[in-house]
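Just dropping this structure here.
The values are calculated or read from the model by the stated rules, or taken from the named source; none is laboratory data. Everything numeric in this text was worked out from a predicted model, so none of it was measured. Ideal geometry is used to build each Cβ from the backbone, glycine not excepted, and the neighbour counts take in all protein chains shown.
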Amino acid sequence: MDLGNESGVNTGAASGAHGGRFSHAPVLLQEAIDFLAVKRDGCYVDATLGLGGHGSAIAGLLGPGGKLIGFDKDTVAMEMARARLASAVEDRPEKPAIELLHASFAELAERVPPGSVDGILADLGVSSMQLDNAARGFSFQADGKLDMRMNPDAELSADQVVNQFGESDLADLIYRLGEERRSRRIARAIVRARPIRSTAHLAQVVSAAARPMKSPRGRGIHPATLTFQAIRIYVNRELEDIEALLKAAPRVLKPGGRLVVISFHSLEDRLVKDAIRDGAHGGLYQMLTKKPVIASEEEIRSNARSRSAKLRAAQRL
């Protein structure tokens, strides 16, 4: 079992882990595993490894001829994923191969040979560990520096976007990536308030410029939610990376291999839906989900972050 490689290790959408105990509850876990239809000797890619919630479930179903490849940008969570995956197979005399890559899933086509994979799982949600860590600057729930980088080594940070971008460019990205109708007013307020040095300060500025909104299901959402989303997506090139993943997926999947993607907002889901639909029309895929699979009321009660999750799946022809 190779739990360390040339690039390091990998993490994705997860919460905390300490001393070998993991509190992360992966979203739509059973549904994702069912759609992957894991074979004991198969090769599977967890494109967003996180703390290894989904990945450890896959590894637990693999035999000695099987392999799990995990991708993630975040070096901190990769060490946690390493421990979780090791514990998932530690009692077995014959273990599957596990390869963890410190890389974006956008590099899938470069890192994985064509036609070699039986299944790809991508949970596109932001890591709960990242959201809950104020020092990472993803959330306005706790004050922290403006960062938002999933890869701590990346050059562009939220601080640069907030404090250096021109007003029109800032308004454009907030509108385009946050689908925020009040983007011009918010961008103007941000520019006037510079320098902005913390997440709490940014949330305060945005909140003063934007009235609270209602979500599609009628719940009030914080007025800074969409702006924070837009900046995070831009800093991490999230949509570009998703497009690269979706383009590479049919190349690396074997015939009969399955693609399973869990998205959390409309921009992600639109990309996934269109890629699967176009692939089906082009003879690459058979659609396995005519409508997205969503979390049950029971799962939503136990994990509020599953509320917006949508799972779509396809099989390579």
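Just one of (1) within 28 Å of Thr75 (Cβ to Cβ); (2) out of contact with any helix residue (DSSP H, G or I) (no Cβ under 6 Å at 6 or more places or on another chain); (3) modelled with pLDDT of 95 or more trips up Ile196, so point out which.
Going through the list (1) within 28 Å of Thr75 (Cβ to Cβ); (2) out of contact with any helix residue (DSSP H, G or I) (no Cβ under 6 Å at 6 or more places or on another chain); (3) modelled with pLDDT of 95 or more, Ile196 breaks only (2).
Outside any helix (DSSP H, G or I) and free of Cβ contacts under 8 Å to residues at least 24 places away in the same chain: which single residue out of Arg188, Arg181, Arg192 fits that description? Outline the logic, then answer.
Numbers: Arg188 fails: outside any helix (DSSP H, G or I); Arg192 fails: outside any helix (DSSP H, G or I).
Criteria check complete, one pass: Arg181.
If you don't mind, another one. Would the range 164-181 turn up any residue that is within 30 Å of Leu49 (Cα to Cα), small (Gly, Ala, Ser) and at pLDDT below 95?
The initial filter retains those residues of the range 164-181 that are within 30 Å of Leu49 (Cα to Cα), namely 173-180.
Subsequent filtering for residues that are small (Gly, Ala, Ser) retains 178.
Now narrow it down to the ones that are at pLDDT below 95: none.
No, the conditions are met nowhere in the range 164-181.
Then there is this: When the residues of the range 163-206 are narrowed to those that are in contact with an Asp or Glu (Cβ under 6 Å, 6 or more places away or on another chain) and hydrophobic (A, V, I, L, M, F, W, C), which ends up nearest to Tyr234 (Cα to Cα)?
Among residues in the range 163-206 that are in contact with an Asp or Glu (Cβ under 6 Å, 6 or more places away or on another chain) and hydrophobic (A, V, I, L, M, F, W, C), the one nearest to Tyr234 (Cα to Cα) is Ile174.
Of these, Asp169, Asp147, Asp153, which one is of a type outside the set (Lys, Arg) and surrounded by 14 or more Cβ atoms within 10 Å (Cβ to Cβ)? Step through it out loud before you land on a result.
Details: Asp169 fails: surrounded by 14 or more Cβ atoms within 10 Å (Cβ to Cβ); Asp153 fails: surrounded by 14 or more Cβ atoms within 10 Å (Cβ to Cβ).
Being of a type outside the set (Lys, Arg) and surrounded by 14 or more Cβ atoms within 10 Å (Cβ to Cβ) holds for just one of Asp169, Asp147, Asp153, which is Asp147.
Which pairs have Cβ atoms under 6 Å, sit 6 or more apart or on different chains, and link a residue in the range 137-163 that is at positive phi and at pLDDT 85 or above to one that is of a type in the set (Gly, Ala, Ser) and in a loop (DSSP other than H, G, I, E, B)?
Met148/Gly137
Still on this model: Among the residues of the range 259-271, is any assigned by TED's automatic domain parsing to the domain that holds Ile58 and in contact with a Ser or Thr (Cβ under 6 Å, 6 or more places away or on another chain)? Write out each step before concluding.
Here is the first cut: in the range 259-271, the residues assigned by TED's automatic domain parsing to the domain that holds Ile58 are 259-271.
So of that shortlist, the ones also in contact with a Ser or Thr (Cβ under 6 Å, 6 or more places away or on another chain) come out as 264, 269.
Yes, the range 259-271 contains a residue that is assigned by TED's automatic domain parsing to the domain that holds Ile58 and in contact with a Ser or Thr (Cβ under 6 Å, 6 or more places away or on another chain).
(1) modelled with pLDDT under 90; (2) surrounded by 23 or more Cβ atoms within 10 Å (Cβ to Cβ); (3) under 18 Å from Leu124 (Cα atoms): which one isn't true of Met80, the others all being true?
Of (1) modelled with pLDDT under 90; (2) surrounded by 23 or more Cβ atoms within 10 Å (Cβ to Cβ); (3) under 18 Å from Leu124 (Cα atoms), only one is false for Met80: (3).
Out of Ala224, Ala158, Ala210, I need the residue that is surrounded by 15 or more Cβ atoms within 10 Å (Cβ to Cβ), among the small types (Gly, Ala, Ser) and in contact with a Pro (Cβ under 7 Å, 6 or more places away or on another chain). Which one? I'd like the intermediate steps shown before the answer.
Working: Ala224 fails: in contact with a Pro (Cβ under 7 Å, 6 or more places away or on another chain); Ala158 fails: in contact with a Pro (Cβ under 7 Å, 6 or more places away or on another chain).
Just a single option satisfies the conditions, and that option is Ala210.
Can you find, within the range 169-178, the residue that is farthest from Phe264 (Cα to Cα) among those that are out of contact with any Lys or Arg (no Cβ under 7 Å at 6 or more places or on another chain) and without any contact (Cβ under 8 Å) to a residue 60 or more places away in the chain?
Asp169
Go through the range 230-317 and tell me which strands (runs of 3 or more DSSP E), entirely inside it, have 1 or more residues that are charged (D, E, K, R) and closer than 18 Å to Ile33 by Cβ.
Working: elements: 253-263, 285-287, 310-316.
Because the criterion is at least 1 residues that are charged (D, E, K, R) and closer than 18 Å to Ile33 by Cβ, the strands (runs of 3 or more DSSP E) in the range 230-317 that meet it are 253-263, 310-316.
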